[in-house]
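Just so it is clear, none of the values below were taken in a lab; they were calculated from the coordinates. This structure is a prediction, so every number in the text was calculated from the model and none was measured. Every residue, glycine among them, receives a Cβ derived from its backbone with ideal geometry; neighbour counts consider all protein chains shown.
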Amino acid sequence: MGRPYVRLMGFLLLGTAIIPFLTYLSSRILLGEPLGTHRTAFLFIIVAPILPLALGPLLRRLEPIIDAAALRQSEFLDSIPDKYLGVAIFTSAALSLFLELSIIRWQGTVFELFAFYKNFSLLACFAGLGLGYALGSRKLIPLFLAAPLFCWQFALLLGLRYGLAANNRISLKMLPFSEQQNMGLPSVDTLFNGTQTYFLLALVFLLTALAFIPIGQLCGCLLEKREKLSAYGLNLAGSVAGVLLMFVLSAFWTPPVVWFLLAFGFLLAFHVWRPRPQLFGAVSIILALMVLAWPTDPRWQKIYSPYQLLEVGQDPQGLMIISAAGHYYQRVHDLARSNHNVDSDPNLKSIRNYYELPYWLYGHAPGYVAVVGAGTGNDVAAGLRNGAQKIDAIEIDPAILMEGRQGHPEHPYSDPRVNAVVNDARTFLRTTSEHYDMVVYGLLDSHTLLSHASSVRLDSFVYTVEGLREARGRLNPDGILSLSFSVMNPQLGRKIYRMLQDAFDGRNPVCVRASYDGAVIFLEANDRQLLLPPALLQKTGFEDASSTFAAPAVSAAAVSTDVSTDVSTDDWPFFYMPRRVYPLSYLLMAGLVLALSLFIFSRFLGGRPQFGSVPFFFLGAGFMLIETKAITELGLLFGNSWQVIGIAIIAILIMSFLANLAVRRFTIKRVSVTYPLLLASLAIGWWIAHTGGLPSSWLGRIGLAIVLTSPMFFSGILFSTWLRSRGAISGMMAINLVGAMCGGLLEYNSMYFGFQFLYILAAGLYVMAILSELAAFKPKVLPVLAGTE
């Protein structure tokens, strides 16, 4: 085990030495500076390969040390008494899933790239755990390397984020996926511009996978010491406990240092109980926690909400500004009537006009207003300034709402007319019985995904045709809907225009281009064609952009621009994709994941990893797709809040646990009935999704939740039943995780085909699992002798 670790660490040393200079050089080139002015950085990149060569003899001396320590670790695990074995299996499974969720969340707080593409981090964890399970039966388990490898990753990412000046790391703000747009974050347009991003992704993937290999070995080794179905049940129960622990910590807004303190504490408990291994583990953990807790920029207050990292600071005027993962997110304005600077400052006056234009167009003081995406309170304050009698302010992130209460100079949330609601906007509008004179969408833009297993963003289901129809359903007959958005290009503006047309019976929305953050205000009336008075445009100095987004053809000034778009729906909720195109750039990312996984696996072939049989691969791939589909639809059904998503993940794991319990309790051996039940549950789920779902009553929601999670129960029956008659459980878990990796990559097909397609894809994978199992089952046939000699 020492040799592959040492060789991979040599590669990682090389990458760690190169990435800061590569990032710096790429950033300066993006700023327009010639390459020749930065010869030193370029020269260092050229000579960096000498570093691992120079350190090669020292690294090779580590090989026998690693092997000896890994052997002692294996012997220690073998010495665990039988009465504590169940607790050890349970705890190791909880540790693995809790660490997985922790590293995925943490990476998204450092660079926004990981917040938008958590699936990448998940696949890295799966690669490491899968290989670790495959090596679980080996007698060398270098568990002591996990904490130093996590520390290495912490130092690398935090060093890049805070060690380089903002202009020297702008190249890492470029996202490698061109199909989806991102507010304020450009996409990679050439392979050269994406070199540093792909290089960083490769380093993070390898560091994450390498740290999870010994954790997977720990879990696999312990599973082999107990009866298979009992061990698997404890593994599932521990996984539920890991999710619950993260759920509780998220509820208290704890920072990453608390997550990893708990995780590393459990990890240290599995180290060899001797002074030197315990001391090495403790020192590694302390160093890792010191890196995490190091004060990086005292000017910004860090708040770890259940959704994201919020960094709260002040602008030159002393007003609050919020960043998410280092990227501008929100700011507050003092636009009160008592602030006379607004009338004398053209910029402030333009900002106030932007917030108040919907109310001026409404014509008189509204009675009841709903503000969707209320944030820190700018839109709420605008409603109060214009005489709103009552306002429901809906904001999904409680931390942002808290900052708005404390830091907004107009104190809108302290007004008795305001009812602050912490909820998903789509769910609130669907379930409330109130009707409004105005529904005002703020500049709603999420900086994170719905879950670690999905490509859907937190706000995606707010911006669908069905979501806008539900918002219209909450309007009074003479009410109006206002939707503001920073339109990054004509395609996105055209997309919003078409979605509002579909939601309002084909009527054309009014579009006003404001002079604030590139925003366009889209407005619709519930019962009439809304008209934009020229006097209002003259008063605000804004531009009527209705004709710009109304015509599918482009203007003469931009003849070559293609503004054809596809509207977002609940089945295809990719609002930031103007067109439904196959995500080819994601194929490049999938290729990188597969290449890196094969690279790591090839390094460990000498350890003779044991992977299980093919049916478990297809079960893992199918399960991953159905899990993604279930989390997405349960979020749409009950609300895309962090609590609902956490409960959905726990419910899915509990269904698998109940399946395992049923197989053990009722000694199920023949599963021929389970095959049609599994496929039928998928077909029913697809049919319900295709026909628009069950009624929105509580009974209908519970019924749909059962339908969405029932495939996990039936696939769990297959997994546990087949597991009983197979070889090593660690090998079956390994191939199952590799299948889950492939399922995670196949999930990207939803970006073109829609989420209903995942049912069909999962059904195909489960059919492959059944067929491969039937093909592998060869009953013994005894020859019948017709006579005797």
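Here are the numbers for this structure:
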{"quantity": "Calculated log₁₀ intensity ratio I(q)/I(0) where the Debye formula runs over C-alpha points of the stretch 733-774, q = 0.28 Å⁻¹", "calculated": "-1.00"}
{"quantity": "Nitroxide proxy distance, nm - points 7 Å out along Cα→Cβ at LEU13 and ASN476", "calculated": "7.3 nm"}
{"quantity": "Taking the convex hull of Cα positions in the stretch 608-751, its mean projected area over all directions (nm²)", "calculated": "9.7 nm²"}
{"quantity": "Scaled radius of gyration (Cα, divided by 2.2 N^0.38 Å) that the chain gives", "calculated": "1.01"}
{"quantity": "Burial order of peptide ranges 364-371, 730-737, 375-382 (average beta-carbon count within 10 Å, highest first)", "calculated": "375-382, 730-737, 364-371"}
{"quantity": "Net charge dipole size for the chain [Lys, Arg +1 and Asp, Glu -1 on Cβ; Debye, nearest 20]", "calculated": "2560 debye"}
{"quantity": "Cα-based convex hull volume of the stretch 674-766 per residue, rounded to whole Å³", "calculated": "106 Å³"}
{"quantity": "Percent of C-alpha pairs per 5 Å bin, the stretch 256-316, short to long", "calculated": "4, 15, 20, 18, 14, 10, 8, 7, 2, 1, 1, 0"}
{"quantity": "Kirkwood hydrodynamic radius of the stretch 367-417, Cα pairs, Å", "calculated": "10.6 Å"}
{"quantity": "Listed residue (GLY108, SER74, LEU12) projecting farthest to the positive dipole end of the stretch 1-128, Cβ model", "calculated": "LEU12"}
{"quantity": "Inter-label distance, nm, simple model (7 Å from Cα along the C-beta direction), ARG726/GLU224", "calculated": "1.6 nm"}
{"quantity": "Three-way shape call for the stretch 264-380 based on the alpha-carbon gyration tensor, with the a/c threshold at 1.5", "calculated": "prolate"}
{"quantity": "The stretch 215-305: C-alpha gyration tensor shape, a/c 1.5 cut-off, then a/b vs b/c", "calculated": "oblate"}
{"quantity": "Value in Å of the Kirkwood radius, where the stretch 64-188 supplies the Cα pairs that are averaged", "calculated": "17.4 Å"}
{"quantity": "The chain, relative contact order in percent, only Cα pairs under 8 angstrom and at least six apart counted", "calculated": "14 percent"}
{"quantity": "Ranked packing of 106-112, 763-769, most packed first, by mean Cβ within 10 Å", "calculated": "106-112, 763-769"}
{"quantity": "Nitroxide proxy distance, nm - points 7 Å out along Cα→Cβ at GLU75 and HIS364", "calculated": "8.9 nm"}
{"quantity": "Two-site FRET efficiency, ARG61 against PHE753, from Cβ-Cβ distance with R₀ of 45 Å, rounded to 0.05", "calculated": "0.25"}
{"quantity": "Ordering of 341-349, 154-162, 305-313 by packing [mean C-beta count within 10 Å, highest first]", "calculated": "305-313, 154-162, 341-349"}
{"quantity": "Segment ALA662-ASP505, extension gain: residue separation times 0.36 nm, minus the distance between their alpha carbons", "calculated": "51.4 nm"}
{"quantity": "Cα-Cα over 28 Å, subset of LYS83/LYS139; LYS139/LYS228; LYS173/LYS302; LYS390/LYS629; LYS495/LYS629", "calculated": "LYS390/LYS629"}
{"quantity": "Rounded if a/c under 1.5, otherwise prolate or oblate - the stretch 1-156, Cα gyration tensor axes", "calculated": "oblate"}
{"quantity": "Per principal axis, descending, Cα span of the stretch 86-158 in whole Å", "calculated": "39, 21, 21"}
{"quantity": "log10 of Debye I(q)/I(0), alpha-carbon scatterers only, for the stretch 290-339 at 0.16, 0.17, 0.29 Å⁻¹", "calculated": "-0.54, -0.59, -1.16"}
{"quantity": "Fully extended contour minus Cα-Cα distance, from SER602 to ARG405, at 0.36 nm per residue", "calculated": "65.4 nm"}
{"quantity": "Rounded to 5, percent antiparallel among DSSP beta bridges of the chain", "calculated": "60 percent"}
